[in-house]
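Colleague: Here it is: the structure, laid out below.
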Amino acid sequence: MNAPLSTGTGTGTGTDVIVIGGGPAGLAAAVTLARSLRSVVVVDAGEPRNAPAAGAHNLLGREGVPPLELLAAGRAEAEGYGATVLPGRAVAARAVQGGIEVHLADGTTLRARRLLLASGLVDELPDLPGIRPLWGRSVLHCPFCHGWEVRGRRIGVLGSIPQSIHQVLLFRRLSDDVTLFLHTMPEPDDEAWEQLAALGVRVVRGTVRELRAEGDALRSVVLEDGHEFEQDALVVAPRFVARGELYEQLGGTLTRQPTGVFLPAAPGGRTDVPGVWVAGNSADLTATVAVSAAAGATAGAGIHGELMMEDVAAAVQARRAPFSAAAEALQARRVQGDRRHGIDPAVLSR
């Protein structure tokens, strides 16, 4: 059940749902929809957020599966039920009669009754030399995603926001050797200082200049004054920014907060923009792989339910149409008969 596509400037014949994003949320939604015999096109730019990581964790039954392997399996499952996975990048979207139109960078145009945005987010990392190449391996942010892999090792926390203290507390559970680099974060309050002291956390003042590595593994954290501290992992606090360009083009307003930007939605994924739904990290900045997949399946079910009621309403209207036409014809005959007998219908209707 391949969904119809179009190329060039045409609008195509349409489909039920376009899904932007071929990650866990988008593919889970596609499977849910396709299993209900909905035609689905998944537009996948091929930029999974967790690609640098060795494995996806806290995923029941697939613990530690390499992210790209998981996505390949998800694509195969979606396609097995009839969904179309289309490599490409969506660059524009607009509302049209009966649905949403999406334009891809290669000139392809798609049209569907509903649009699911599941393109995830971008991790805006601290601007320090050495961070990006180590991201997802020796440079981390989530103890639940990667904490087990660095347990018992020398873990540094790069202070940048007040919540950096919370990261220290979480990672201290995993290692006795945790160092907080105050870097640019606000001065901890008295309660935080007491917590750090009680847990034996080492605190280093001064701004971090760079990270040094050996291969793809962190070796040390270097301060502006040249002092160097050997570390096996560094915890950072990225700013999480959802890919919201299409949502804004459709008239939606992004929610902005100190830790990031996301697409607001009701439980289940429906947004305030007619016909537009959202799932995964686009709406939940803290969602793990498992949570994103669950959100995608939930949104897929919700979209199917909405389309189902729309289809039922259309069927009811179509069933009523012949009776309405017959009633109108009967009324016309009655009017003609009244006129033949000299009765003015306008007078009777007063």
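Values in this text are rule-based calculations from the coordinates and carry no lab data. The structure presented is a predicted model; accordingly, all values stated were derived computationally and were not measured. Neighbour counts run over all protein chains shown; Cβ positions are idealised from the backbone, glycine included.
Colleague: Assuming a ≥ b ≥ c are the square roots of the Cα gyration tensor eigenvalues, decide whether segment 130-229 counts as rounded (a/c under 1.5), prolate (otherwise, with a/b larger than b/c) or oblate.
Modeller: The shape class here is oblate.
Colleague: Determine the equivalent ellipsoid of segment 74-137 by diagonalising the alpha-carbon gyration tensor, then write out the semi-axes as square roots of 5 times the eigenvalues, largest first, rounded to whole Å.
Modeller: 32, 18, 11
Colleague: Among 196-202, 179-185, 40-46, 22-28, how do they line up from the highest to the lowest mean number of other beta-carbon atoms within 10 Å?
Modeller: Packing order, densest peptide first, comes out as 22-28, 40-46, 179-185, 196-202.
Colleague: Among 276, 291, 65, whose mean-square fluctuation peaks in a Gaussian network model of the chain (Cα, cutoff 10 Å)?
Modeller: Top of the fluctuation ranking is 65.
Colleague: Can you give the Rg and Dmax of the chain based on its C-alpha atoms, in angstrom?
Modeller: Gyration radius and largest Cα-Cα distance of the chain: 28.0, 109 Å.
Colleague: Which percent, to the nearest 5, of DSSP beta bridges fully inside the chain are antiparallel?
Modeller: 50 percent
Colleague: Restricting to Cα pairs below 8 Å that are 6+ residues apart, what does the relative contact order work out to for segment 157-286? Please round to a whole percent.
Modeller: Result for segment 157-286 is 17 percent.
Colleague: Moving on. What 222 nm value per residue comes from the helices of the chain, counting each DSSP H run with n ≥ 4 as -39,500 (n - 2.57) and dividing by all residues, nearest 500 deg cm²/dmol?
Modeller: Here the helix-only value at 222 nm equals -10000 deg cm²/dmol.
Colleague: Could I ask something else about it? What residue among 60, 97, 50 has its Cα farthest toward the positive end of the dipole of segment 39-111, where the charges are +1 on Lys, Arg and -1 on Asp, Glu, each on the Cβ?
Modeller: Highest projection toward the positive end goes to 97.
Colleague: In vacuo Debye scattering of segment 178-304, one point per C-alpha: log10 I(q)/I(0) at q = 0.09 Å⁻¹?
Modeller: -0.46
Colleague: Taking every DSSP beta bridge with both residues inside segment 50-196, roughly what % is antiparallel (nearest 5)?
Modeller: 70 percent
Colleague: Compute the helix-to-body angle for 67-80: its Cα long axis versus the longest principal axis of the chain, expressed 0 to 90° and rounded to tens.
Modeller: 10 degrees
Colleague: Using only the alpha-carbon atoms, what does segment 4-147 span along each of its principal axes? Please give whole angstrom values in decreasing order.
Modeller: 48, 36, 19
Colleague: Here's a follow-up. What do the square roots of 5 times the Cα gyration tensor eigenvalues come to for segment 285-330, in whole Å, largest first, as semi-axes of the equivalent ellipsoid?
Modeller: Rounded to whole Å, the semi-axes are 43, 6, 4.
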